[in-house]
Amino acid sequence: MNLPLKGLTVLEFSQYLAGPYAGLRLADLGARVIKIERPGAGDACRKLATKNLFVDGDSLVFHTINRNKESYAANLKDANDLDKVRALIAQADVMTHNFRPGVMEKIGLDYEKVKAINPRIVYGDVTGYGKEGSLKNKPGQDLLAQSISGITWLTGDADDPPVPFGLAAADMLCGTHLAQGILAALVQRGKTGIGSHVEVNLLESLIDVQFEVLTAYLNDGKKLPQRAVEDNAHAYLSAPYGIYETNDGHIAIAMGSLERLGELIGCSKLSMQVANSDDAFDKRDELKAILSRHLKTRSTDDWLAILEPADYWCSDVFNYARLMNHDGYKAVAMEQSVQREGAPSIRTLRCPIRIDGERIYNDAAAPVLGNDNFEIETAFNLAGNA
């Protein structure tokens, strides 16, 4: 496949998740992504494990987010290594980092210094909360950013405490925004010949993903979100929106006419409670309680057999085991395997983007620390900068 970013070189000084997630996507799309890592330790994500899962000395998380990249070990406090890195920067297209504000300035690799080396470079940096204000030096960690962003008051029911997303939402969103910004800057460079500085942070990414609800807050008297008492799925949406228990599982019901829903499932009490369109929100808790009791009387398949032919928006609720055994999951073919030489194979996921109808697969594993130093120094003629 002729991938669109083939021929571009990306230097990734980023570690953990947000910056490397952007690098993963650029690598999937054809870029040569070189991780610049500390000798001996490397990207801190190498030791950041979920469920204490490691393969070949590195965490499974590291393997997942750094597949199809190369590793160049360099001590940025060593003058010889720093000269080699500067020579590499002079030939690169993109550079990313996620150090705290001020770190790259001390090293001499801030945007102004890098731009002087290579005016064409697209320089992307990730911070936790931006470079101004009282939060700028706070650790840019996903759970902390979620907690500050207000997003934890949208999930769960009314009596629940703040509930964070059960995944690294801030990191993934921010990494996506970084990749978008870099791609836009590359398009601009194609027109002007000049690179630019792309900046993203975890907090802004989490604020952005709440555009729908924050706009409601800003234009509705700044009323705080109120989660439904039960079966909440969206603090700003009316009944029936939510996930409900059935007598053998759960069913998700999206937006739709409550009167029609009541007729379809034979719940007259539901229809009787709705006098006008405002009632669906104003009486949300009462309506959801009626619906919840009624849906528990039959199985999920029974309700789906009624609602789906009527084109009422609903769904079964899968766990991972059911998802991966379903033909819908098999049809999208998201899985692939990667493997380092002499190490166990890792089953992971591919890029979700298709180009000209083709899925993008790449079985190149995450790099061993410093594994590519010789090849990189040869390809970019760095020996003269020793």
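Given Tyr72, Gly328, Ala305, which one lies farthest toward the positive end of the charge dipole of the chain, if we put +1 on the Cβ of every Lys and Arg and -1 on the Cβ of every Asp and Glu?
About the Cα centre, the residue reaching furthest to the positive side is Tyr72.
What are the ³J(HN,Hα) couplings of the stretch 115-126, residue after residue, when phi is run through the Karplus curve with 6.51, -1.76, 1.60 and θ = phi - 60°? Round to Hz, x for glycine and proline.
With coefficients 6.51, -1.76 and 1.60, one gets 4, 5, 6, 9, x, 8, 6, 9, 10, x, 10, 10 Hz.
Magnitude of the Cβ-charge dipole of the stretch 69-108, K/R +1 and D/E -1, about the Cα centre, nearest 20 debye? List each step's numbers first, then the result.
Numbers: 6 positive and 6 negative charges, 30 e Å.
Rounded to the nearest 20 debye, it is 140 debye.
Using the basic label-point model (7 angstrom from Cα toward the beta carbon), what is the Ala289 to Asn276 distance in nanometres?
According to this spin-label approximation, the distance is 2.3 nm.
Would you list Trp303, Trp313, Trp153 from fewest to most Cβ contacts within 10 Å?
On the way: Trp303 23, Trp313 13, Trp153 17.
Starting with the residue having the fewest Cβ neighbours, the order is Trp313, Trp153, Trp303.
Using the structure shown, select from Lys84/Lys113; Lys115/Lys191; Lys113/Lys138 the pairs with a Cα to Cα distance greater than 21 angstrom.
Lys113/Lys138
Taking amide H positions as placed 1.01 Å from N in the peptide plane, with prolines and chain starts having none, which residues 5 or more places from Asn201, or on another chain, fall under 5 Å of its amide H?
Long-range HN contacts for Asn201: Thr127.
At a threshold of 8 angstrom on Cα-Cα distance, excluding pairs fewer than six apart, so keeping six or more, what relative contact order does the stretch 250-316 reach in percent?
After rounding, I find 45 percent.
Could you list Phe281, Phe374, Phe165, Phe62 so that the one with the fewest beta carbons within 10 Å of its beta carbon is first and the one with the most is last? Intermediate values should be presented prior to the final figure.
Working: Phe281 14, Phe374 11, Phe165 17, Phe62 26.
Fewest-to-most Cβ neighbours within 10 Å comes out as Phe374, Phe281, Phe165, Phe62.
Please report, in whole Å³, the volume per residue of the convex hull around the C-alpha atoms of the stretch 250-316.
Convex hull of Cα atoms, per residue: 77 Å³.
For the stretch 233-386, build the convex hull from the C-alpha positions and give me its volume per residue in Å³.
Residue-normalised Cα hull volume stands at 217 Å³.
Mind checking the dipole of the stretch 229-325: about its Cα centre, +1 per Lys or Arg Cβ, -1 per Asp or Glu Cβ, Debye to the nearest 20? Before the final figure, lay out the partial values.
Details: 9 positive and 16 negative charges, 28 e Å.
Computed about the Cα centre, the dipole is about 140 debye.
Going from the alpha-carbon gyration tensor of the stretch 88-156, what semi-axes, largest first and in whole Å, does one get by taking the root of 5 times each eigenvalue?
Whole-Å semi-axes of the equivalent ellipsoid: 31, 13, 8.
For Gln273, enumerate residues with amide H under 5 Å from its amide H, sequence gap 5+ or separate chain, H modeled in the peptide plane.
Counting only residues 5 or more places away or on other chains, the set is empty.
Nearest 5 is fine: what % of DSSP beta bridges in the chain come out antiparallel, could you say?
Given both bridge residues lie in the chain, the antiparallel proportion sits at roughly 45 percent.
Beyond 37 Å, what share of the Cα-Cα pairs of the chain is found? Please give it as a whole percent.
35
What's the exposure ranking of Val61, Val126, Val317, going from fewest to most Cβ atoms within 10 Å?
Numbers: Val61 22, Val126 28, Val317 14.
The most exposed by this proxy come first: Val317, Val61, Val126.
Tell me which of Thr127, Ala170, Ile376 sits at the most positive position along the dipole axis of the chain, charges placed on C-beta atoms (Lys, Arg +1; Asp, Glu -1).
Selected residue: Ile376.
For the chain, give the magnitude of the charge dipole about the Cα centre (Cβ charges: +1 Lys/Arg, -1 Asp/Glu; no others), in debye to the nearest 20.
Details: 41 positive and 51 negative charges, 217 e Å.
So the magnitude is around 1040 debye.
Cα centroids of the stretch 150-202 and the stretch 12-61: how far apart, whole angstrom?
18
Bear in mind that the values in this text are calculations on the coordinates, not laboratory data. Please read all numbers here as calculations on a predicted model, not as lab measurements. Using ideal geometry, Cβ is built from the backbone for each residue, glycine included, and neighbour counts are taken over all protein chains shown.
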